[in-house]
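The values are calculated or read from the model by the stated rules, or taken from the named source; none is laboratory data. Model, not experiment: these values are computed from the prediction. So basically every Cβ, Gly included, is an ideal-geometry build from the backbone, and we count neighbours across all protein chains shown.
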Amino acid sequence: MIRGTTPRLSFTLPFSTGIISECYITFTQLTTIILEKTLSDCEQSEDTLILNLSQEDTLTFIESVPVKIQLRIKTKDNKALASNIINTTADLILKDGVI
């Protein structure tokens, strides 16, 4: 992920998104929550959640520091699920800020 850009993140699930009642997508750096999105921030297809981040969102990340991402989901029948942690970095941009 590159700071100051608008990435489109796609999370393919092993089940239909129709069973989800709640979802949190949490982004951390250095064990601190930097950004959190919910189901209402996502587009849903059969088995995929798509999250569009804004420039402001990606500018909250510290450059070159690992970013950890995890989905936590509650199903309509009250099961609580968590994804494996996804590791990425927030890459440097030369001109900072929103354009």
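Assorted remarks:
- Scanning the range 27-46 for residues that are touching a Phe, Trp or Tyr at 6+ places or on another chain (Cβ under 7 Å) and of a type in the set (Lys, Arg) returns no hits.
- Sole residue being surrounded by 11 or more Cβ atoms within 10 Å (Cβ to Cβ), at pLDDT below 95 and closer than 16 Å to ARG3 by Cα, chosen from LEU35, LEU92: LEU92
- Scanning the range 73-82 for residues that are exposed (fewer than 14 other Cβ atoms within 10 Å of the Cβ) and out of contact with any helix residue (DSSP H, G or I) (no Cβ under 7 Å at 6 or more places or on another chain) yields a total of 5.
- Positions within the range 44-56 being out of contact with any Gly (no Cβ under 7 Å at 6 or more places or on another chain) and either more than 19 Å from SER83 (Cβ to Cβ) or β-branched (Val, Ile, Thr) (or both), in sequence order: THR48, ILE50, SER54, GLU56
- Pairs linking a residue in the range 31-56 that is free of Cβ contacts under 8 Å to residues at least 24 places away in the same chain to a residue that is surrounded by 13 or more Cβ atoms within 10 Å (Cβ to Cβ) and in a loop (DSSP other than H, G, I, E, B), with Cβ atoms under 9 Å and 6 or more positions apart or on different chains, are LYS37/LEU53.
- Here the range 38-55 is the region considered, the condition is being charged (D, E, K, R) and farther than 20 Å from ALA90 by Cβ, and the residue that is surrounded by the fewest Cβ atoms within 10 Å (Cβ to Cβ) is GLU46.
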